[in-house]
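Notes for the one structure printed next.
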Amino acid sequence: MANNFDRMIELVTKVFDTRNDPDQISVTPEEREKLFKIHPATLSELANEDGPIVWILMIPTTHAIMELFLKGAISEKQLLEKTQPGDTFDTIYLCSATVLPEFQRKGFGKKVTLEALDKIRKDHPVKSLFYWPFSEAGKAAAQALANGLGLPLYEKKG
């Protein structure tokens with residue numbers, strides 16, 4: 001059986017197909033470095049003795065950049081390019097939540113997401129969340145998260 005890291009990579013590739021979509025963030029070393037500079041909690045992980053079981057990617061950004069993304073004027077990759085470390089962020093892009101199948105529906109993804117959001121919200125006046133749904137489960141999770149936090153949630157269509 002493959003280790004957790006390899007299984008997570010396989011799952012991300014299957015769900016998001018970033019290798020075949022140049023407009024999506026693929027979390028290259030350069031992108032990881034920029035994400036960390038934007039905020040250390042943009043990339044969050046929960047692991048056990050076998051490696052990662054949860055990966056969360058979220059990007060704090062501005063309302064203006066969010067609007068461009070939601071209406072299709074910029075790609076996901078351009079959203080990251082336009083978001084600059086040191087800016088004041090008022091919205092968060094819930095980019096992806098990946099949980100190994102045997103750990104799904106046990107609250108691990110929610111726990112890691114809430115901890116990361118809390119860290120970002122301590123540093124930025126976040127007033128909304130947005131996402132691009134890739135699955136019904138992802139859509140339901142984003143809606144539950146926004147409802148639980150009492151924040152409006154915006155969805156990218158298409």
Per the Cα gyration tensor, the stretch 4-155 corresponds to an equivalent ellipsoid with semi-axes, largest first in Å, of 22, 18, 15
Can you tell me the orientation of helix 29-38 relative to the chain, as the angle in degrees between its alpha-carbon axis and the longest Cα principal axis, to the nearest 10?
50 degrees
What is the helix-to-structure angle for 4-16, meaning the angle in degrees between its Cα long axis and the longest Cα principal axis of the chain, kept from 0 to 90 and rounded to the nearest 10?
50 degrees
In degrees rounded to 10, the 0-90 angle between helix 108-123 Cα long axis and the longest Cα principal axis of the chain is 30 degrees
Per-residue HN-Hα couplings for the stretch 131-148, Karplus 6.51 cos²θ - 1.76 cosθ + 1.60 at θ = phi - 60°, whole Hz, x for Gly and Pro?
7, 10, x, 10, 7, 5, 5, x, 4, 5, 5, 5, 5, 5, 4, 4, 4, x
Output the pairs from Lys71/Lys110; Lys14/Lys127; Lys82/Lys127; Lys14/Lys139; Lys71/Lys106 with a Cα-Cα distance over 25 Å in this structure; if there are none, say none.
Lys71/Lys110; Lys14/Lys127; Lys71/Lys106
Sequence-distant aspartates and glutamates (8 or more away, or on other chains) whose Cα lies within less than 17 Å of Lys156
Asp21, Asp23, Glu67, Glu76, Glu136
Relative contact order for the chain using alpha-carbon pairs under 8 Å, separation at least 6, rounded to a whole percent?
23 percent
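Every number in this text was worked out from the coordinates using simple rules, so none of it is lab data. It should be emphasised that the depicted structure is a prediction, and the values quoted were computed from it without experimental measurement.
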